[in-house]
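**Student:** Here it is, the structure, as structure tokens.
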Amino acid sequence: MAVKFFGQFLVEQNIVTSEALLNAINLQDKNNLKLGEMAVSMGLITLADIQKAHNVQMSKDMRLGDLLVEMGFLTLAQVNDIITRQKNTHLYIGEALVQVGALSDDELRKHLDAFKADQAQYVSNGIELPISSANGKIWEMTADLTYKMITRVLDLQFRPGKCALATVIPSNFMLAAMDLSGDVEARYLISVSEGLQKSIAKAILNETSVDQEPAEILEDTVMEFVNVVCGNVAAKASQMGVIMNINPPVTLHPPANGLTIPDGHTALSFPIHIVDGDTMEMILLIKE
Amino acid sequence: MKKVLVVDDSLSVARQLERIISESGDFTCVGHAKNGAEAIKLNHTENPEIICMDMNMPGMDGLTALRTLAVMDKEVKVVMVTSLGGVGDKFTEALKLGAKNVISKPFEVDNVLRILREL
């Protein structure tokens with residue numbers, strides 16, 4: 001029911017043991033050389049040059065390959081050759097599991113098909129953003145996965161509205177927020193009406209009525225929904241090669257005139273029209 | 001019945017897990033900690049056989065607590081229950097630190113019980 005990677009799927013289904021998976025990951029670590037390691041193994045550069053570049057990286061936000069070209073250690077053509085070699089020699093986790101004897105080739109094919117079928121529900125349908133952003137694909141995936149989780153976790157019928165730039169975060173009964181860091185820097189927010197908060201609480205707690213529940217529990221369920229969405233977004237982002245860390249969720253109670261957008265941030269609003277008239281909105285505050 | 005400690009900053013998740021554990025007939029829930037530091041204290045006082053622990057918590061997070069528990073208590077079996085289960089690096093780190101399994105949120109009741117029974 002969640003975004004997974006292949007190794008996790010196999011352990012969870014009891015197809016391979018966690019020890020076998022760790023052996024396969026260790027084999028991958030030895031085989032799949034990082035860019036600097038590959039450059040050294042190809043005799044294009046020395047370890048000392050790599051260390052110099054790593055030292056510069058501490059104060060310069062650049063990828064190692066770009067930096068090595070800028071510092072004159074490698075040409076762009078050489079970096080492209082290294083990347084091609086990395087791709088050609090990459091050992092995938094399934095292949096590694098076969099090599100350590102945890103799976104046969106036939107079993108790998110069979111379980112890979114089952115894994116793809118399990119994860120097909122999380123393949124992105126594509127969403128249009130009103131801005132061009134370096135991480136546009138990540139934000140489109142974030143919105144798409146939010147919609148999918150509203151269906152699968154909350155079991156709510158809804159219609160996604162058109163994404164638009166926002167100049168203020170409108171007031172609502174409550175907001176739950178989570179800060180995202182790593183290769184991206186943003187705040188993910190879900191804004192809900194009082195009625196929708198109860199719908200979320202019913203789904204998360206698996207109860208038919210939440211009228212007697214304290215406000216603390218009701219708010220907690222919205223935070224947990226945000227936690228589930230953002231954790232799965234981080235998993236999907238890692239499959240896309242983007243590191244995304246999440247922080248514990250918080251709640252906000254905006255004043256009647258809403259919340260202003262902090263300087264240096266772009267706010268994207270994704271209205272979510274719930275069938276029974278309750279209101280919900282997803283907002284991404286992106287620092288770029 | 002095996003004693004289980006639940007560790008999650010979310011009150012609603014803790015309540016769900018406590019209910020699943022208590023209604024299983026095989027396990028009894030001996031407490032709820034809201035972060036890693038509380039987990040270490042309750043592990044000492046309640047002596048559970050299994051810990052179900054979140055990763056992303058304020059204060060001491062789940063992986064830090066797992067690292068400490070691996071040194072302090074070689075017997076207790078830890079299963080991570082987390083929305084970050086699908087992040088390959090987090091999953092691998094948890095296994096390397098000694099977690100017996102990693103369950104992704106949203107979780108399915110049958111899956112949680114199957115994994116706990118296999119420990």
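**Student:** Obtain the nm distance between the two label points defined at A:Glu107 and B:Glu46 by a simple spin-label model: each point lies 7 Å from its Cα along the Cα-to-C-beta direction.
**Tutor:** The answer from the label model is 3.7 nm.
**Student:** How many nm is it between the label spots at A:Val250 and A:Arg85, if each spot is 7 Å from the Cα in line with the beta carbon?
**Tutor:** Between A:Val250 and A:Arg85, the simple spin-label model gives 4.7 nm.
**Student:** Round to the nearest 10 and report in Å² the accessible area of A:Ile50, as given by a 1.4 Å probe over the protein chains' heavy atoms.
**Tutor:** 10 Å²
**Student:** Sum up the charges of everything whose Cβ sits under 13 Å from the Cβ of B:Ala39, counting Lys and Arg as +1 and Asp and Glu as -1, but leave B:Ala39 out. Intermediate results must be reported in sequence, preceding the final value.
**Tutor:** Numbers: positive: B:Lys34, B:Lys41, B:Arg67; negative: B:Asp8, B:Asp9, B:Glu38, B:Glu46, B:Asp54, B:Asp61, B:Asp73.
After counting each charged neighbour, the total is -4.
**Student:** Expressed in nm to one decimal, what extension gain is obtained for the pair A:Lys137 and A:Met240 from 0.36 nm per residue of sequence separation less their Cα-Cα distance? List each step's numbers first, then the result.
**Tutor:** On the way: separation 103, 0.36 × 103 = 37.08 nm, distance 0.92 nm.
Result: 36.2 nm gained on full extension.
**Student:** Let me ask you something else. Just to confirm a number: summing +1 for Lys and Arg and -1 for Asp and Glu over residues other than A:Met141 whose beta-carbon lies under 15 angstrom from that of A:Met141, what do you get?
**Tutor:** Cβ neighbours under 15 Å give a net charge of -1.
**Student:** Compare A:Ile246, A:Ile261, A:Ile83 in a GNM of chain A, Cα atoms joined below 10 Å, and give the one with the largest fluctuation.
**Tutor:** A:Ile83
**Student:** Report, as an integer, the average count of C-beta atoms from other chains found within 10 Å of each Cβ along A:10-20.
**Tutor:** Neighbouring Cβ atoms belonging to other protein chains average 3 per residue here.
**Student:** Return the average number of partner chain Cβ atoms within 10 angstrom of each residue Cβ along peptide A:218-231.
**Tutor:** Per residue, the average neighbour count from other chains is 5.
**Student:** If a/c stays under 1.5 just call it rounded; otherwise compare a/b with b/c (prolate if a/b is bigger, oblate if not). Do that for the stretch A:125-287, with a ≥ b ≥ c from the square roots of the Cα gyration tensor eigenvalues.
**Tutor:** prolate
**Student:** I'd like the accessible area for A:Ser199, computed on protein heavy atoms only with a 1.4 Å probe and all protein chains in place. Round to 10 Å², please.
**Tutor:** Only protein atoms counted, so the area is about 30 Å².
**Student:** Next question, about the same structure. If you fit an axis through the alpha-carbon atoms of helix A:105-119 and take the longest principal axis of the Cα set of chain A, what angle between them do you get, 0 to 90°, nearest 10?
**Tutor:** For helix A:105-119, the angle is close to 30 degrees.
**Student:** Using a Förster radius of 45 Å, what is the FRET efficiency between A:Gln212 and A:His273 based on their Cβ-Cβ separation? Nearest 0.05, please.
**Tutor:** The formula returns an efficiency of 0.95 here.
**Student:** Starting from the Cα of B:Arg117, step 7 Å along the direction of its Cβ; do the same at A:Leu22; then give the gap between the two resulting points in nm.
**Tutor:** 2.6 nm
**Student:** With springs only between Cα atoms under 10 Å apart, run a GNM on chain A and tell me which of A:Ala24, A:Ala166, A:Ala39 wobbles the most.
**Tutor:** Top of the fluctuation ranking is A:Ala39.
**Student:** Further question: Please work out whether chain B counts as rounded, prolate or oblate from its C-alpha gyration tensor, where a ≥ b ≥ c are the square roots of the eigenvalues and a/c under 1.5 means rounded, while otherwise a/b larger than b/c means prolate and anything else oblate?
**Tutor:** The shape class here is rounded.
**Student:** If you don't mind, there's one more thing I want to ask. Hey, with R₀ at 35 Å, roughly what FRET efficiency would A:Glu185 and A:Gln157 work out to, going by the Cβ-Cβ distance, to 0.05?
**Tutor:** Between A:Glu185 and A:Gln157 the formula returns 0.55.
**Student:** Beyond 23 Å, how much of the Cα-Cα pair distribution for the stretch A:1-81 remains, as a whole percent?
**Tutor:** Here the long-distance tail beyond 23 Å is 44 percent of all Cα pairs in the stretch A:1-81.
**Student:** As I understand it, the value is the acute angle between the Cα axis of helix A:194-205 and the longest principal axis of the Cα atoms of chain A; what does it come to in degrees, rounded to 10?
**Tutor:** Around 50 degrees separate the two axes.
**Student:** Under 5 Å between amide hydrogens, which residues at least 5 positions from A:Met280 or on another chain qualify, with H placed 1.01 Å from N in the peptide plane?
**Tutor:** A:Ile272, A:Ile274
**Student:** A further question on this structure: From Cα pairs below 8 angstrom and at least 6 apart in sequence, can you work out the relative contact order of the stretch A:125-287, rounded to a whole percent?
**Tutor:** Relative contact order for the stretch A:125-287 comes out at 34 percent.
**Student:** While we're on this one: Could you work out [θ]222 nm for chain A from helices alone, using -39500 (n - 2.57) per DSSP H run of at least four and dividing by all its residues? Round to the nearest 500 deg cm²/dmol.
**Tutor:** Result for chain A: -15000 deg cm²/dmol, rounded to the nearest 500.
**Student:** Further question: Relative contact order of the stretch B:1-83, please, whole-number percent, based on alpha carbon pairs below 8 angstrom and at least 6 residues apart.
**Tutor:** 33 percent
**Student:** Follow-up question, since we're still on this one. Angle check, please: helix A:18-31 long axis (alpha carbons) against the longest principal axis of chain A (alpha carbons), in degrees 0 to 90, nearest 10.
**Tutor:** Compared with the principal axis, the helix lies near 50 degrees.
**Student:** With chain A treated as a Gaussian network of Cα nodes joined by springs under 10 Å, which of A:Met141, A:Met178, A:Met38 yields the largest mean-square fluctuation?
**Tutor:** A:Met38
**Student:** Here's a follow-up. When the Cα atoms of the protein assembly as shown are enclosed in a convex hull and the volume is divided per residue, what value in Å³ results?
**Tutor:** In the protein assembly as shown, the Cα convex hull volume per residue is 166 Å³.
**Student:** Can you give the mean number of other chain Cβ atoms that lie within 10 Å of the Cβ atoms in peptide A:90-101?
**Tutor:** Taking the mean over all residues of the peptide, I get 0.
**Student:** Further question: How big is the antiparallel share of DSSP beta bridges in the protein assembly as shown, given as a percent to the nearest 5?
**Tutor:** Antiparallel: roughly 65 percent of the beta bridges in the protein assembly as shown.
**Student:** Show me the three semi-axes of the equivalent ellipsoid for the stretch A:171-211, from the C-alpha gyration tensor (sqrt of 5 times each eigenvalue), largest first, rounded to whole Å. Walk me through the intermediate numbers first.
**Tutor:** Values: eigenvalues 143, 34, 5 Å².
Over the Cα atoms of the stretch A:171-211, the ellipsoid semi-axes are 27, 13, 5 Å.
The values are calculated or read from the model by the stated rules, or taken from the named source; none is laboratory data. All of these numbers come straight from a predicted model, not from anything done at the bench. Cβ sites come from the backbone with ideal geometry, for glycine too, and all protein chains shown count toward neighbours. All accessible areas refer to the heavy atoms of the entire protein, side chains included, with ligands and DNA or RNA removed. Shrake-Rupley method; radii C 1.70, N 1.55, O 1.52, S 1.80 Å.
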